[in-house]
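**Student:** Below you will find the structure I want to go over with you.
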Amino acid sequence: MVQCWCGQTAVVRTSWTNQNLGRRFYGCCDFIDWYNPPMCARSVSIIPGLLRARNAIQAALDDTRREAAKMKKYLILSWGFFLLFSCYFTCEVAVGNRVGDGF
């Protein structure tokens, strides 16, 4: 076990900086030491592109979910108005028939 300068046991974390992307290290309050050796040059060149693509897909998914939630609200509102007007005109016809009966 690796101890931090604060006395707690350090945990293994993953770096997301461009220079050490995906590299694991021991850390608690601050960086302590690397957990594994540096990645190969090919990994260092490929991973940033994969992360950008993943972030773009996540952004598109978030936009789609927001749009779907908005459309769901519009659908619920439209059905509410439909039911409101249906009830109004049904009541209007029922009241109109009673007046026409001569009562």
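The values are calculated or read from the model by the stated rules, or taken from the named source; none is laboratory data. None of these values were measured; they are calculated from a predicted model. Cβ coordinates were reconstructed from backbone atoms using ideal geometry, including for glycine residues, and neighbour counts include every protein chain displayed.
**Student:** Kindly list the number of the only condition in (1) farther than 20 Å from Arg24 by Cα; (2) exposed (fewer than 10 other Cβ atoms within 10 Å of the Cβ) that fails for Pro37.
**Tutor:** Result: Pro37 fails condition (1) only.
**Student:** Restricting attention to the range 1-28, and to residues there that are more than 29 Å from the chain's Cα centre (by Cα) and in a loop (DSSP other than H, G, I, E, B), which single residue is surrounded by the fewest Cβ atoms within 10 Å (Cβ to Cβ)?
**Tutor:** Applying the filter and picking the extreme gives Met1.
**Student:** Within the range 47-103, take every residue that is among the polar types (S, T, N, Q) and more than 37 Å from the chain's Cα centre (by Cα) and give me the one that is modelled with the lowest pLDDT.
**Tutor:** Applying the filter and picking the extreme gives Asn97.
**Student:** Can you find even one residue in the range 45-59 that is outside any helix (DSSP H, G or I) and of a type outside the set (A, V, I, L, M)?
**Tutor:** Looking for residues that are outside any helix (DSSP H, G or I) and of a type outside the set (A, V, I, L, M), one finds none in the range 45-59, hence no.
**Student:** Within the range 19-46, can you find the residues that are of a type in the set (A, V, I, L, M, F, W, C), within 19 Å of Cys4 (Cβ to Cβ) and touching a residue at least 12 places away in the same chain (Cβ under 8 Å)?
**Tutor:** Once the filter is applied, which keeps residues that are of a type in the set (A, V, I, L, M, F, W, C), within 19 Å of Cys4 (Cβ to Cβ) and touching a residue at least 12 places away in the same chain (Cβ under 8 Å), the range 19-46 yields Phe25, Cys28, Cys29, Ile32.
One line per residue, one yes/no per condition, for (1) in the same structural domain as Thr17 (by the TED database); (2) of a type in the set (A, V, I, L, M, F, W, C):
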residue: Trp34; (1), (2): yes, yes
residue: Arg52; (1), (2): no, no
residue: Ala56; (1), (2): no, yes
residue: Asp63; (1), (2): no, no
residue: Ser78; (1), (2): no, no
residue: Leu84; (1), (2): no, yes
residue: Tyr88; (1), (2): no, no
residue: Glu92; (1), (2): no, no
